[in-house]
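Take a look at the structure below.
Just so you know, all these numbers are worked out from the coordinates, no wet-lab data involved. Model, not experiment: these values are computed from the prediction. For neighbour counting, all protein chains shown are included, and Cβ atoms are generated from backbone atoms with ideal geometry for every residue, glycine included.
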Amino acid sequence: MLQQKWTPQRIWLLVGYAAAAAALFSAPMFASDFRLNLLAKFLAFAIVALGLDLIWGYTGILSLGHGIFFGLGAYAMAMYLKLEASGGMPPDFMGWSGLKELPYFWKPFENFGFAVAMGILIPSVLALVLGYVTFRNRIKGVYFTILTQALVIITTTLLVGQQAFTGGTNGITGYSTILGASLGSADTKRVLYWITAAVLIAVFILCRYIVGSRFGKVLRAIRDGENRVRFIGYNPAIYQMVIFTISAAIAGIAGMLFVLHVGIISPSMLGIVPSIEMVLWVAIGGRGTLIGAALGAIAMNWAKSEFSTAYPEGWLFFMGGLFVIVVVFMPKGIAGLIGQIKFRKKRKEEDHEGIRNPAV
Amino acid sequence: MYLLQLFNGLSISSILLLVALGLAITFGLMKVINMAHGELIMIGAYSTYLTQNIFKAYLPASMFDWYFVLAIPASFAIAFVVGLILEMSLIRFLYGRPLDSLLATWGVGLVLQQLARSIFGAPNVAVTSPSWLDGGLMIMDGTLLPYKRLFIIALVIACLVAMYFYIYRSHEGRRMRAVMQNRDMAACLGVSTRRVDAMTFAIGSGIAGIAGCALTLMGSIGPSLGTYYIVDAFMVVVLGGVGKLVGTVLGAMGIGMFNTLFEYWTNASLGKVLVFVCIVAFLQWKPMGFVAMRSRSLD
Amino acid sequence: MKESVILQCDDVTVEFDGFKAIQGMNLKLEKGELRFLIGPNGAGKTTMLDVICGKVRPSSGKVTFDGKVDITRKKEHQIAELGIGRKFQAPSIFPSMTVHENLEIAMRQKRTVFATMFAKLGDDERSRIDYQLGMIGLRSKASWRAGGLSHGEKQWLEIGMMLLQEPEILLLDEPVAGMTDKETDKTGELLHEIAQLRSIVVVEHDMEFVRNFASRVTVMHEGKLLKEGSMDEVQGDDRVAEVYLGKRRDADVSRSTA
């Protein structure tokens with residue numbers, strides 16, 4: 001609710017957030033360069049998770065296509081970095097495919113501002129178009145989900161197939177500088193980390209505002225009963241389109257940051273599996289709670305980087321098993337589990353029905 | 001030339017249909033999206049591979065060509081059993097929660113894939129097709145219809161006919177349709193919905209097994225075999241609508257044919273884009289697919 | 001009663017896969033009228049409400065709102081915005097949201113994305129919600145999740161949501177189903193009160209309720225208009241009696257129509 005009262009609970013919450021933000025910003029003082037780079041990558045993933053939670057956790061729309069929005073943002077940034085590295089000449093992979101001239105749609109990406117704008121705009125427009133043709137016709141639920149997955153397939157095939165323009169399977173890599181600053185230097189990395197942390201916090205605040213606003217309440221109403229919302233006089237399609245677009249834009253921003261930290265983007269990083277992994281982060285952290293989604297993304301990726309190299313097979317078994325367990329036994333994720341313990345008494349008084357309301 | 005393309009389209013359609021058939025049934029009946037369907041296909045394919053190996057190892061070479069005849073029921077049976085176990089241990093918790101079932105079964109698929117990788121190794125393995133399926137039917141100069149593809153088409157038709165009789169002519173099928181149309185009412189009338197669900201899911205899985213068996217004719221097989229087909233198969237379900245076999249058939253034909261044509265006119269990656277655009281455009285006209293069951297409930 | 005017609009349905013026909021649920025139904029609703037729509041099962045009453053609120057599109061016929069707008073061409077949310085509210089048979093509220101939030105989003109307001117994104121709950125709105133909470137007797141449960149309410153409370157919440165919507169016409173599908181006698185009477189009185197300002201169409205099976213509160217009754221049968229008039233006229237009609245006695249030997253119904 002919007003009543004801003006300074007209850008003790010609220011104060012503690014704010015103190016908690018402030019502590020978390022302080023910890024985020026001071027991390028470069030404690031972590032090694034390697035760890036910091038990893039953490040920066042996880043923060044970028046946490047940003048996607050926030051966007052995904054907006055549509056899945058709050059609106060009940062499951063997108064298995066967020067890898068694409070993330071990837072398009074990443075490619076936009078990669079195109080800029082690549083052109084900066086090659087000094088405006090056609091990048092190396094174009095030469096390998098026999099392309100001598102820089103294609104016209106590559107040219108403007110020399111400009112950093114343009115690349116950033118496109119990194120947000122392209123995913124947004126794609127999401128808006130897909131949202132328009134689906135939500136307007138009440139294509140929803142699994143039908144929508146499957147269409148987003150098909151979008152992933154065709155986008156990755158397109159990226160692989162148009163090798164001369166996209167670098168094909170290898171993707172785009174081999175950057176040197178950003179706005180003149182060397183990407184390899186520890187100083188640049190630290191600044192990029194801070195930028196990522198700041199963006200994460202900004203996106204978090206934005207998402208908090210959205211879910212707390214009346215707009216956010218309409219989204220939750222759509223999740224609970226789309227048709228009923230219609231008979232109150234809202235047009236759910238518009239709401240779904242807008243939130244899907246916002247979510248895609250957030251994913252695009254995250255993708256841009258991701259490239260800066262990782263130094264490569266290729267089709268395999270935005271395919272079916274990465275897209276569905278993003279959903280897993282949110283599911284584990286707790287759909288419908290923003291902090292859960294963000295922490296889920298960080299925790300899962302941390303676990304992955306710890307275990308997947310040591311036990312690649314075990315990791316896949318673990319991930320598959322986790323999917324099953326979380327979905328079947330803890331539909332609200334870890335955040336939900338904590339909430340359940342905390343509010344067990346209160347819920348007992350309240351009901352038996354509302355909780356078992358899967359996001360369909 | 002177009003004749004050959006048409007035949008190729010038909011061939012692709014038939015495989016898609018075989019893959020989508022089980023999906024459409026389980027989705028229509030229990031509103032469960034089974035992402036592990038692709039892995040059931042993979043299981044069917046490896047069953048065929050095992051059958052082949054057993055023939056190679058224990059039976060005289062003259063018998064080898066007939067392994068395939070046994071492989072089809074064997075693939076069906078093994079996938080059937082795996083499906084049954086899956087249904088009883090997991091799927092039944094997920095009825096009426098399509099999105100959750102999608103995620104959970106994806107996890108199952110991941111585990112099954114990894115299991116296959118551990119058992120059979122990550123590289124693809126080749127299955128030798130029986131020699132009686134080598135060669136093809138020459139219908140005119142330069143146009144050869146391979147027996148393998150013809151065989152697959154025939155196999156799909158056989159499965160389709162069997163499914164038709166099962167669904168529309170048998171007692172079990174009648175119960176299944178009753179549950180599909182009104183689960184609560186059917187339960188009230190004494191239909192054991194648990195049994196119907198389990199059977200239907202297992203049969204759907206069995207058909208996936210047959211699809212896997214058929215795919216061994218098309219090339220080598222690997223642990224992630226199913227993932228190549230699963231999304232296309234889901235598109236068939238979306239396009240065809242749920243509840244009737246004819247929708248699935250039309251959906252598979254539509255996607256298979258257009259895919260072939262577009263790829264022939266443009267190239268593989270652009271062709272896929274065009275097919276997707278066409279599907280979305282079609283859904284603008286009929287959001288629920290070719291066939292849709294109407295219901296009067298609010299949500 | 002005022003003279004002007006708020007809603008006019010002309011020759012409405014609805015087809016479901018070849019089955020004609022409604023065949024050429026006519027209905028005229030005056031401003032400030034409380035109209036009861038009755039008829040045996042399958043007469044097309046609920047479908048008629050579906051047509052008016054846009055859930056079902058008629059295959060032919062016209063529905064005119066306020067003398068000028070043909071609403072058969074409009075989408076549900078547009079119709080709701082014009083001022084037609086609908087309460088469904090099964091209570092349909094938003095279970096995961098609080099009672100207060102349910103009312104907040106139902107309240108009459110600008111419903112564009114932009115407006116809701118920046119909407120603040122002002123004093124005026126707060127008092128409107130508070131008044132409504134008092135009216136439906138849920139003030140003490142305002143912060144409960146709506147899913148935790150009892151069946152009757154959900155019904156009331158939905159009625160409250162509809163009233164905050166401030167529609168010109170209220171369409172109610174069996175509003176007293178599952179209510180106690182006391183609650184039923186309270187609902188009936190409330191309906192009369194609301195009808196001072198707005199027009200109401202009620203589909204009802206509870207004949208006791210209809211007799212107690214109806215002024216004008218429309219009887220439907222097999223998708224057609226059978227009889228329209230006061231409760232006495234309707235009860236005295238031979239055809240109505242035949243339809244009810246022939247089709248449904250419900251003691252309650254036969255007593256009331258005999």
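What to note about this one:
- Cut-off 11 Å (backbone N to label point 7 Å along Cα→Cβ of residue C:117), residues of segment A:203-227: A:210, A:215
- Within a straight-line Cα-Cα reach of under 19 Å, residue C:74 can be paired with the following aspartates and glutamates, leaving aside sequence neighbours fewer than 8 residues apart in one chain: A:226, C:10, C:11, C:15, C:50, C:66, C:168.
- Of C:135, C:77, C:26, farthest towards positive along the dipole that unit charges on Lys, Arg, Asp, Glu beta carbons give chain C: C:77
- Of A:140/A:217; A:217/A:332; A:332/C:55, pairs whose Cα-Cα distance is over 23 Å: A:332/C:55
- Ranked for footprinting exposure by Cβ neighbours inside 10 Å, fewest first, A:234, A:175 give A:175, A:234.
- R0 of 56 Å, Cβ-Cβ distance residue C:193-residue A:34: FRET efficiency to nearest 0.05: 0.20
- Peptide B:232-240, shielding by other chains (average Cβ, 10 Å cutoff): 3
- Inter-site label distance for residue A:162 and residue B:125 at 7 Å from Cα along Cβ, in nm: 4.1 nm
- Whole-number D in µm² s⁻¹ for chain A, Kirkwood Cα-pair radius fed into Stokes-Einstein, 10 °C, 1.306 mPa s: 74 µm²/s
- Full-stretch length increase - residue C:151, residue C:73 - with 0.36 nm per residue and alpha-carbon distance subtracted: 24.6 nm
- When you restrict to C-alpha pairs under 8 Å that are six or more residues apart and normalise by the size of segment A:34-282, the relative contact order lands at 45 percent.
- Only aspartates and glutamates eight or more places from residue A:107 in sequence, or on another chain, were considered; those with a Cα closer than 16 Å are A:84, A:92.
- Within segment B:143-185, backbone nitrogen closer than 15 Å to the virtual label 7 Å beyond the Cα of residue B:192 toward Cβ: B:172-173, B:175-176
- Annotation for segment A:208-246 versus segment B:79-95: alpha-carbon center distance of 35 Å.
- Mean-position separation - Cα centroids, segment B:181-217 and segment C:116-186, in angstrom: 44 Å
- Partners for residue C:186 among lysines (Cα-Cα distance below 22 Å; same-chain residues under 8 apart left out): C:87, C:141, C:154
- Net dipole in debye of chain B [+1 Lys, Arg Cβ; -1 Asp, Glu Cβ; about Cα centre; nearest 20]: 820 debye
- Centroid-to-centroid separation of segment A:17-82 and segment B:3-39 [C-alpha atoms, Å]: 36 Å
- Positive-end residue of A:124, A:173, B:270, charge dipole of the protein assembly as shown with Cβ unit charges: A:173
- For the pair residue B:65 and residue B:143, a Förster radius of 30 Å applied to the C-beta separation gives a FRET efficiency near 0.70, rounded to the nearest 0.05.
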